[in-house]
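Engineer: Shown below is the structure under consideration.
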Amino acid sequence: MNPSQLLFLQRTRILHSRRLGDRTVRYASSSLSEERRKEALVSISKGGGGPWKPTTDGRDAICKTFEFADFSQAWAFMSRASLLAEKMDHHPEWFNVYNRVEVTLTTHDANGLSEKDIAMASTMNDYAKDILPFRN
């Protein structure tokens with residue numbers, strides 16, 4: 001995003017910022033363009049743990065299954081991700097059975113995938129790496 005785009009989004013209040021640890025995350029409340037969506041999916045699917053994929057239920061959302069060594073690791077991941085969700089005021093849909101956590105991300109305010117989802121997906125990937133070993 002170039003500086004003029006950033007300024008426009010801040011002035012129109014489409015762009016929001018939140019501090020996540022040592023970095024500031026900026027995200028838009030509008031759904032992503034097709035070009036940005038493709039670019040973001042490639043970006044967040046790098047680095048192991050399996051790719052984030054579009055959902056198959058017709059919604060504008062992405063999903064990923066994280067598979068850990070045991071329930072304790074899965075729970076640790078979910079605990080950390082829940083704190084992120086509260087900090088971002090953005091809550092994932094998820095399902096947990098033993099060592100597996102299935103996550104679906106979409107932004108209801110934007111009627112689809114937004115920068116919030118991409119930021120959350122990227123940070124969840126980092127959290128999963130911290131909890132290694134995971135199976136995917």
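Engineer: For residue 93, what residues show an amide H to amide H distance below 5 Å, using hydrogens built from the backbone and excluding near sequence neighbours?
Structural biologist: 104, 106
Engineer: Spelling out what I want: for every residue of segment 104-118, take phi, set θ = phi - 60°, compute 6.51 cos²θ - 1.76 cosθ + 1.60 (Karplus), and round to whole Hz; glycine and proline get x.
Structural biologist: 10, 10, 7, 10, 5, 4, 9, 6, x, 5, 9, 4, 4, 5, 5
Engineer: Rolling a 1.4 angstrom probe over the protein heavy atoms, how many square angstrom per residue are accessible across segment 45-136?
Structural biologist: 49 Å²
Engineer: With θ set to phi - 60°, apply the Karplus curve 6.51 cos²θ - 1.76 cosθ + 1.60 along segment 81-96 and write out the HN-Hα couplings as whole Hz, x wherever there is a Gly or Pro.
Structural biologist: For segment 81-96, the Karplus curve yields 5, 5, 5, 4, 4, 5, 5, 7, 6, 8, 10, x, 8, 8, 9, 10 Hz.
The values are calculated or read from the model by the stated rules, or taken from the named source; none is laboratory data. This structure is a prediction, so every number in the text was calculated from the model and none was measured. Surface accessibility is based on the protein's heavy atoms, side chains included, excluding ligands, DNA and RNA. Shrake-Rupley method; radii C 1.70, N 1.55, O 1.52, S 1.80 Å.
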